[in-house]
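Novice: The structure under discussion is supplied below as structure tokens; questions concerning it will follow.
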Amino acid sequence: MTDVGVPGRGELARIIREAVCDVLGTDPEEIEETTDLRAEFRIDSLELMDIGARLETALRVAIPVSDLTEAVTVGEAIDLVLTRLERPA
């Protein structure tokens, strides 16, 4: 059971893709759950911090950069953020 305020996985995936696309200047179709942003887009730490800040604003939750750096794929990032939303620190 999820909280009323917690977006579902599909909605969260859309929010994360949108943040990634805004920062990297890519099309949403280029970002899949299996996408490795480091390998495929050479994302750097500043871009990752920008994505994290956008997600914090959109989702109203603190997301440590370490959470995002632990994720290899976009799908793993979705899972980490979903866990953070369901069980805030």
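Novice: Taking the stretch 59-76 as the region of interest, how many residues are under 10 Å from the mean Cα position of the chain (by Cα) and in contact (Cβ under 8 Å) with a residue 24 or more places away in the chain?
Specialist: Total satisfying the criteria: 3.
Novice: If a residue must be acidic (Asp, Glu) and touching a residue at least 24 places away in the same chain (Cβ under 8 Å), how many such residues does the stretch 77-89 contain?
Specialist: Matching residues across the stretch 77-89 total 1.
Novice: Now for a different question. Could you give every pair whose Cβ atoms fall below 8 Å, whose first residue belongs to the stretch 31-58 and is hydroxyl-bearing (Ser, Thr, Tyr), and whose second residue is assigned to a loop (DSSP other than H, G, I, E, B), counting only separations of at least 6 or pairs across chains?
Specialist: The qualifying pairs are Thr34/Thr73; Thr35/Thr73.
A short reminder: the numbers here are calculations on the coordinates, not readings from a lab. Just so we're clear, the structure is a prediction, and the values are computed from it rather than from any experiment. Note that we place each Cβ from the backbone using ideal geometry, even for glycine, and neighbour counts take in every protein chain shown.
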